[in-house]
Amino acid sequence: MTDSTYEHHEYDVLIIGAGGAGLRAAIEAGQRGLKVGIVTKSLLGKAHTVMAEGGIAAAMGNVHPEDNWMVHFRDTMRGGKYLNNYRMAELHAKESPERVWELEQWGALFDRTKDGKILQRDFGGHRYARLAHVGDRTGLELIRTLQQKVVSMGTDVFMECKVLQLVHDAEGRIAGCVGYWRATGEFVTFQAKTVILATGGIGRSWKFTSNSWESTGDGHAMALWAGAKLIDMECVQFHPTGMVWPHSVRGLLVTEGVRGDGGVLRNSLGERFMFNYVAPMFRAETADSEEEADKWYDDHSAEEEADKWYDDHSAGRRPPELLPRDEVARAINTEVKAGRGSAHGGVFLDIASRRSAEFIRRRLPSMYHQFMELAGVDITREPMEIGPTCHYMMGGVQVDADSEATIVPGLFAAGEVGGGMHGANRLGGNSLSDLVVFGRRAGIGAAEYIEAGDAATSFDQGEVDGAIKEALAPFERTDGENPYDVQHDLQELMQDNVGIIRTATELELAIQKLDEFTDRVKNVSVKGSRAYNPGWNLATDLPSMITVSKCVAMGAIRRKESRGGHTRADFPNADPELGKLNFAQRSEGGHWDSPVSVHEASILIMPAELKALLEEDQ
Ligand code: FAD
């Protein structure tokens, strides 16, 4: 017990995050008889996962019977440019079908094939149509299903409660965390035998992002400060299709489902430019003419009337619009830089000239409303103006593939905050399946850790007091900087210098500036009370945002090659030697302003039988 005067709760398993990963972990730990609490800084049902659109990838073979875990494994490793933790990719490919069927048993209503199976759609980098989906609102259905299960189990959920820092015991094991209620500003402590981080991504450090306001990298940063390692932090995914106009919604995602369902990319000259950007690795299975690509779309049309889609199971050579995201995003960037972009700095995504209005409204209802309401564009009649947007963090907390345990006893991580699964680039749909596969495994890992009887026995009150003192410091300063100014400048810095294409000069500048930002954060001041104070909330986000931004820039300068989501203009090719390495980062001091060190770590050596599955690509 703590002698704290703050509100205090005790659990076997405390889960930080109520997205797909956190909820799935909670179900697993709860089913094993453990006392589980979930903390989320937004409302239950509103975690970023709810925004997921296109689908969840699982080799169920419902549309293409020849699909199986081995092809999914190969696609995932190839998409990740072989930087992935192979064991995570293997577990993910093997277990995701089971997790999707489980969701169905728990009440998820997926779209159906004619014969009543779960329908699967095409997405970039997947050899076969593999994404189970609910129109373009798959994340909503996933959250609804998991949330219903969690609520029915009576799990405690602490909503609008922000965790500031993890807390150790006297032996350095994780013993819980400290946070505050966003509405009142009152502090709260959670003592727990294990903590599972499921805090999602980091995209809010960039100016244009598809990520929700929650994605400030808190879990990545808290794990680093607590002694865990982060890996592959340079690997940030810029999704090729975000809205570019109007400016107020720039970055908002346009699902890859638009391209999966027939949408094509054109530049301002009307050229279907993706044919010019097919890398040798993908040439054999990518169509090389508009005629061949159009035939593929016709054969794979999800229009109900196109019966042959269900009958013709040959995968065919895919249109170049369905190359992995890193390839498509770079191609768009190149077209815009070459002066062939749209008026607002993007290119055109056209589904209107290729599919009926009825089809578009049925298959892509959210996209239809998003463009109609936000941009006044009717996508059943006009093309969309799109461009790359900061979307997904491949890098994250290094975990043991089977249990999701970090190197800090008692600390686990799952979902987007975890690193390794996706290597240098994630395939679309592979995140939702990652959440349920590794969320479940984290729940099991935490239960087994507790069963082993080595959980924390004390709760470091000094760490609690230190975190609270720092959180309150902005109120003490009367003439410091406004946190919104710091956030604005940070987002500009990251967008301009640690974006989709990087150079040593820009990265060095970013690293130097990020040190200056550390000092600026120490000098922010906020006014008013702790209740309903968004300025103060932001001030408490800034240490995480600065920490993860530094880690990305420091990883990016070390990786002197282009691989997946990480592109260096000064090192445009992949370097086979660097392909054998992850860059791992640690905090040298455990405080948010402590220096971060970067170490080389060899990637795991793959067993021969798995390597054989990849051989045809190497
Ligand atoms: P999240 O869903 O991000 O949840 C994080 C949780 O942690 C939240 O509850 C948050 O409040 C909480 N949290 C964070 N910090 C704190 C803190 N300090 N204290 C307390 N709580 C905290 N992937 C696919 O596979 N298929 C798709 O179709 C797809 N579509 C997407 C569409 C969009 C627009 C976007 C942006 C992403 C999409 N993705 C998709 C990616 C996928 O949605 C995310 O990677 C995934 O949902 C992350 O889930 P998570 O459980 O790891 O975290």
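The values are calculated or read from the model by the stated rules, or taken from the named source; none is laboratory data. Worth saying up front: this structure is predicted, and the values here are computed from it rather than measured. Cβ atoms come from the backbone with ideal geometry, glycine included; neighbour counts cover every protein chain shown. Accessible surface areas use protein heavy atoms only, side chains included; no ligands, DNA or RNA. Shrake-Rupley method; radii C 1.70, N 1.55, O 1.52, S 1.80 Å.
Just one of the listed residues (Glu470, Glu416) is within 16 Å of the ligand (Cβ to nearest atom), assigned to a helix (DSSP H, G or I), over 17 Å from the mean Cα position of the chain (by Cα) and not polar (S, T, N, Q), and it is Glu470. In the set (1) open to solvent by 50 Å² or more (accessible area, probe 1.4 Å); (2) in contact with a His (Cβ under 9 Å, 6 or more places away or on another chain); (3) within 15 Å of the ligand (Cβ to nearest atom), the condition left unmet by Arg440 is number (2).
Among the residues of region 425-457, those that are hydroxyl-bearing (Ser, Thr, Tyr) and either out of contact with any strand residue (DSSP E or B) (no Cβ under 9 Å at 6 or more places or on another chain) or modelled with pLDDT of 95 or more (or both) comprise Ser431, Ser433, Tyr449. Within region 51-72, which residues are open to solvent by less than 10 Å² (accessible area, probe 1.4 Å), within 16 Å of the ligand (Cβ to nearest atom) and hydrophobic (A, V, I, L, M, F, W, C)? Ile56, Ala57, Ala58, listed by residue number.
The set of residues in region 538-590 that are among the hydroxyl-bearing types (Ser, Thr, Tyr) and open to solvent by less than 20 Å² (accessible area, probe 1.4 Å) comprises Thr540, Ser544, Thr547, Ser549, Ser562, Thr567.
For region 365-385, indicate whether the set of residues that are outside any loop (DSSP other than H, G, I, E, B), touching a residue at least 12 places away in the same chain (Cβ under 8 Å) and surrounded by fewer than 16 Cβ atoms within 10 Å (Cβ to Cβ) is non-empty. Looking through region 365-385, at least one residue is outside any loop (DSSP other than H, G, I, E, B), touching a residue at least 12 places away in the same chain (Cβ under 8 Å) and surrounded by fewer than 16 Cβ atoms within 10 Å (Cβ to Cβ). Under the condition of being under 14 Å from Thr40 (Cα atoms) and open to solvent by less than 10 Å² (accessible area, probe 1.4 Å), which residue from region 164-188 is nearest to the ligand (Cβ to nearest atom)? Top of the filtered list is Gly179.
Residue pairs whose Cβ atoms lie under 7 Å apart, sitting 6 or more positions apart in sequence or on different chains, and linking a residue in region 13-27 that is more than 15 Å from Met222 (Cβ to Cβ) to a partner that is polar (S, T, N, Q) and near the ligand (Cβ under 6 Å from one of its atoms), are Ala18/Thr40; Gly19/Thr49; Gly20/Thr49. Here is the figure for region 73-87: residues that are among the aromatic types (Phe, Trp, Tyr) and either open to solvent by 30 Å² or more (accessible area, probe 1.4 Å) or at pLDDT below 95 (or both) total 2.
Per-residue answers, yes or no, for (1) within 25 Å of Leu427 (Cβ to Cβ); (2) in contact with an Asp or Glu (Cβ under 7 Å, 6 or more places away or on another chain); (3) modelled with pLDDT of 95 or more:
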site: Gly20; (1), (2), (3): yes, no, yes
site: Ala26; (1), (2), (3): no, no, yes
site: Gln31; (1), (2), (3): no, no, yes
site: Lys35; (1), (2), (3): no, yes, yes
site: Lys41; (1), (2), (3): no, yes, yes
site: Thr49; (1), (2), (3): yes, no, yes
site: Gly54; (1), (2), (3): yes, yes, no
site: His64; (1), (2), (3): yes, no, no
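Hey, any hits in region 264-279 for a residue that's under 25 Å from the mean Cα position of the chain (by Cα), buried (at least 24 other Cβ atoms within 10 Å of the Cβ) and within 12 Å of the ligand (Cβ to nearest atom)? Taking every residue of region 264-279 in turn, none turns out to be under 25 Å from the mean Cα position of the chain (by Cα), buried (at least 24 other Cβ atoms within 10 Å of the Cβ) and within 12 Å of the ligand (Cβ to nearest atom).
Residues are listed down the side, and each one gets a yes or a no for (1) modelled with pLDDT under 85; (2) under 23 Å from Gln237 (Cα atoms); (3) within 16 Å of the ligand (Cβ to nearest atom):
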| residue | (1), (2), (3) |
| --- | --- |
| Leu253 | no, yes, yes |
| Arg259 | no, yes, yes |
| Phe282 | yes, yes, no |
| Tyr297 | yes, no, no |
| Arg317 | yes, no, no |
| Pro324 | yes, yes, yes |
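Looking across Asp519, Asp541, one residue alone is within 30 Å of Ala473 (Cβ to Cβ) and without any contact (Cβ under 8 Å) to a residue 12 or more places away in the chain. It is Asp519. Of all residues in region 340-364, those satisfying the criterion of being farther than 17 Å from Phe208 by Cβ and either under 25 Å from the mean Cα position of the chain (by Cα) or of a type in the set (A, V, I, L, M, F, W, C) (or both) are Phe348, Ile351, Ala352, Ala357, Phe359, Ile360, Arg363, Leu364.
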